[in-house]
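One structure is given here, and the rest of the page talks about it.
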Amino acid sequence: YDFSYSGLKTAVINYVHTELQKGNEVNKADVANSFQHSAIDVLVEKAVMAMEKTGYTTLAVSGGVGANGYLRDLLKETCEKRGYKLVLPMIAAEGYLQYLKGNFADLTLNAKAVVPLK
């Protein structure tokens with residue numbers, strides 16, 4: 001399931017460079033959308049392959065990439081079709097737990113990702 005996006009990245013760079021060399025305008029939104037779909041489609045495909053091989057029926061996606069709307073939609077659709085459970089934990093869940101504990105910060109708190117969760 002090991003894969004790299006370097007070939008995809010190179011293809012995009014070469015496409016844009018070639019089009020600009022020809023004097024053609026490049027629609028950045030279309031290129032970005034095509035890149036997103038290509039990158040995410042293979043990611044979902046590999047995740048499904050891994051689940052089929054391992055026999056797991058629950059897929060958890062976390063981290064920043066899990067916030068991508070296209071990824072979330074495609075995973076939801078794919079998991080529903082295959083009968084898998086999809087879990088998309090978000091940091092907001094931790095915020096809710098801290099709220100329930102009454103753990104609040106005053107307005108001087110700096111919004112740094114290195115602040116420990118207690």
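Within the range 77-118, the residues that satisfy the criterion of being modelled with pLDDT of 85 or more and of a type in the set (Asp, Glu) are Glu77, Glu80.
Here's a check for you: in the range 77-109, which residue that is acidic (Asp, Glu) and under 19 Å from Met51 (Cα atoms) is least open to solvent (accessible area, probe 1.4 Å)?
Kept after step one, since they are acidic (Asp, Glu), are these residues of the range 77-109: 77, 80, 94, 106.
Checking which are under 19 Å from Met51 (Cα atoms) leaves us with 77, 80.
Details: Glu77: 90, Glu80: 125 Å².
Within the range 77-109, the match that is least open to solvent (accessible area, probe 1.4 Å) is Glu77.
For the range 61-76, the set of residues classified as aromatic (Phe, Trp, Tyr) and exposed (fewer than 11 other Cβ atoms within 10 Å of the Cβ) is empty. Of the residues making up the range 38-60, those that are open to solvent by 20 Å² or more (accessible area, probe 1.4 Å) and of a type in the set (A, V, I, L, M) number 7.
The values are calculated or read from the model by the stated rules, or taken from the named source; none is laboratory data. All figures in this text were calculated on a predicted structure; none of them were measured in a lab. With ideal geometry, Cβ positions are generated from the backbone for all residues, glycine too; neighbour counts draw on all protein chains shown. Remember, those area values only see protein heavy atoms, side chains included, never the ligands or the DNA or RNA. Shrake-Rupley method; radii C 1.70, N 1.55, O 1.52, S 1.80 Å.
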